[in-house]
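Heads up, the thing below is written out as structure tokens.
The values are calculated or read from the model by the stated rules, or taken from the named source; none is laboratory data. These figures come from a predicted structure and were not determined experimentally. As a convention, Cβ positions derive from the backbone with ideal geometry for all residues, glycine included, and neighbour counts pool all protein chains shown. We work out accessible area using only protein heavy atoms, side chains counted, and drop any ligands, DNA or RNA first. Shrake-Rupley method; radii C 1.70, N 1.55, O 1.52, S 1.80 Å.
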Amino acid sequence: MAYKEDASDTDTRIGEAIKFLEWANDADTMNRQEALEDLKFVNGDQWPIELQNSRTLESRPVLTINKLDGYCRQVVNQIRQQRPHPKVHGMNSESDAKTAEVIQGIIRHIEANSNADNAYDTAADYAVRMGWGYIRVRTDYVSDDSFDQEIFIDRIPDPFKVYIDPHSKEPDGSDMEWAIIAEEMSKEDFKRLYPDVPETQFDDAGNGDMQGWYTTDSIRVAEYYYIKHDMQEISDPATGQTRMADIKTCMWCKVTGDTILEQTEIPTKYIPIAPVVGHELFLQGKRYLSGLVRNAKDA
């Protein structure tokens, strides 16, 4: 159901989400455009449009011998044979080792329950083909009539719908201050879930995140994650020392163009979206991302 709150707070957060999306797109326009061209190329769209048109007019063949797709599949299949998984190790005592073993078992349960291999494979495939992909972590109820929740590792099938903090430099995204995931849902589902909310679109989109037919049959919404900072004084009971600490909390809300549909606090200090990066290069203050296809294309 829709969340009722102060109108000014609603406007502020929706405005922040729109501003941050535009900012992320501006900062990453070149990477997005080149990644989009890479995906089209490896999908078989390898002829310049002017040459394709001229040959078609002359009734000449336009053949595509797509070798790159096979090379990409070879790399991704090698990753599938040795998928990276989280490992937990005890620090010192035997009790730490036992605790680590329990936590490792919980992680294995989460991965099996989520079918996490699909999330890992999808992110790796995009990283190989265009330079980056994403994995997300979320919680959901165990069943429709339960209040118990479990953790799930989800795949993100379209990385172009994810916008992350351009100031983030860590490869796992642990230093992100905000992130946005845009999505489209059918109008029927939207009316069923939010019957009292007007159908307004979250219209903003970046390169590669094209709406197309969604504008007539679907409603575009966005999930907005952001880190809330709270400076608190903490103390050490053993020594009596005190210091100021920046306590971080991850907040989440789902928004349309003018309404906050849902919101909650996530029990973590990290935004639960992990980038999977192919090749990364920082050059003159700019971040360049690429995959196997980028330098394999003919001039």
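From Cα coordinates alone, what are the radius of gyration and Dmax values for the chain in angstrom?
Cα only, the chain: 22.6, 85 Å (Rg, Dmax).
Can you tally the net charge around His85? Count Lys and Arg as +1, Asp and Glu as -1, for every other residue whose Cβ sits under 11 Å from the Cβ of His85. If you can, show how the numbers build up before the last one.
On the way: positive: Arg83, Lys87, Arg108; negative: Glu111, Asp117.
Counting the neighbours of His85, the net charge comes to +1.
Is the shape of segment 1-125 rounded, prolate or oblate, going by the alpha carbon gyration tensor and its root eigenvalues a ≥ b ≥ c, with a/c under 1.5 for rounded and a/b larger than b/c for prolate?
Numbers: a/c = 3.40, a/b = 1.40, b/c = 2.43.
Verdict is oblate for segment 1-125.
Could you work out the relative contact order of the chain? I mean the mean sequence separation of Cα pairs under 8 Å and 6+ apart, divided by the number of residues, in percent. Could you put the intermediate results ahead of the total?
Details: 474 pairs, mean separation 67.3, N = 299.
After rounding, I find 23 percent.
How far, in nm, would the chain grow between Ala238 and Thr216 when pulled straight, counting 0.36 nm per residue and subtracting the alpha carbon separation?
Values: separation 22, 0.36 × 22 = 7.92 nm, distance 6.31 nm.
So the chain would gain 1.6 nm between Ala238 and Thr216.
For the pair Asn115/Ala100, report the inter-label distance in nm, with labels modelled 7 Å from Cα in the Cβ direction.
Each label point is offset 7 Å from its Cα along the Cβ direction, giving 3.3 nm.
Could you run the Debye sum over the Cα atoms of segment 136-199, one equal point scatterer each and no solvent, and tell me log10 of I(q)/I(0) at q = 0.18, 0.19, 0.21 Å⁻¹, two decimals?
-0.98, -1.03, -1.08
How much length would be gained if the chain were fully extended between Thr139 and Lys248, taking 0.36 nm per residue of separation minus their Cα-Cα distance, in nm to one decimal? Spell out each step's value before the answer.
Numbers: separation 109, 0.36 × 109 = 39.24 nm, distance 1.91 nm.
Value of the extension gain: 37.3 nm.
If you keep only loop residues by DSSP, which chymotrypsin sites (Phe, Trp or Tyr not before Pro) in segment 212-278 have at most 15 other Cβ atoms within 10 Å of their Cβ?
Working: sites: Trp213, Tyr214, Tyr224, Tyr225, Tyr226, Trp252, Tyr270; in loops: Trp213, Tyr270.
Of the chymotrypsin sites (Phe, Trp or Tyr not before Pro), the ones in loops of segment 212-278 whose Cβ has at most 15 other Cβ atoms within 10 Å are Trp213.
Using just the helices of the chain, give the 222 nm mean residue ellipticity in deg cm²/dmol: DSSP H runs with n ≥ 4 each add -39,500 (n - 2.57), and the total is spread over all residues, rounded to 500. Working shown, then result.
Values: 8 runs with 104 residues, N = 299.
It comes out at -11000 deg cm²/dmol, rounded to the nearest 500.
Using a 1.4 Å probe over the heavy atoms of the protein chains, calculate the carbon and sulfur portion of the accessible area of segment 3-82 as a whole percent. Let's see the in-between values first.
On the way: 2730 of 5460 Å².
In segment 3-82, the share of accessible area belonging to carbon and sulfur is 50 percent.
If each of Glu16 and Leu63 carries a label point 7 Å out from its Cα toward its Cβ, how far apart are those two points in nm?
In this crude label model, Glu16 to Leu63 measures out at 5.8 nm.
Could you give the length gained by full extension between Trp23 and Trp47, i.e. 0.36 nm per residue of separation minus their alpha carbon distance, to one decimal place?
Working: separation 24, 0.36 × 24 = 8.64 nm, distance 3.24 nm.
Stretched out fully, the Trp23 to Trp47 stretch lengthens by 5.4 nm.
What share of Cα pairs, in percent, lie more than 18 angstrom apart in segment 224-282?
On the way: 1012 of 1711 pairs.
I get 59 percent for the Cα pairs in segment 224-282 exceeding 18 Å.
Can you work out D for segment 162-299 in µm² s⁻¹ from Stokes-Einstein, where Rh is the Kirkwood radius over C-alpha pairs, the temperature is 25 °C and the viscosity is 0.890 mPa s? Present the calculation step by step, with values, prior to reporting the outcome.
On the way: Rh = 18.3 Å.
Answer from the Stokes-Einstein relation: 134 µm²/s.
Treating only the Cβ atoms of Lys and Arg (+1) and Asp and Glu (-1) as charged, compute the dipole magnitude of segment 33-108 about its Cα centre; round to the nearest 20 debye. Each step should come with its number before you reach the end.
Values: 10 positive and 10 negative charges, 70 e Å.
My answer is approximately 340 debye.
Just the number, please: carbon plus sulfur as a percent of the accessible area of segment 104-248, 1.4 Å probe, no ligands or DNA/RNA counted.
Values: 3840 of 7840 Å².
Heavy-atom surface of segment 104-248 belonging to carbon and sulfur, 1.4 Å probe: 49 percent.
Over the chain, with the other protein chains present, what is the accessible area per residue in square angstrom, probe 1.4 angstrom?
Values: 18160 Å² over 299 residues.
Counting only protein heavy atoms, the per-residue value for the chain is 61 Å².
Which one, Gln104, Val62, Gln52, is farthest towards the positive end of the dipole of segment 1-107 when Lys and Arg carry +1 and Asp and Glu -1 on their Cβ?
Result: Val62, furthest along the dipole toward the positive end.
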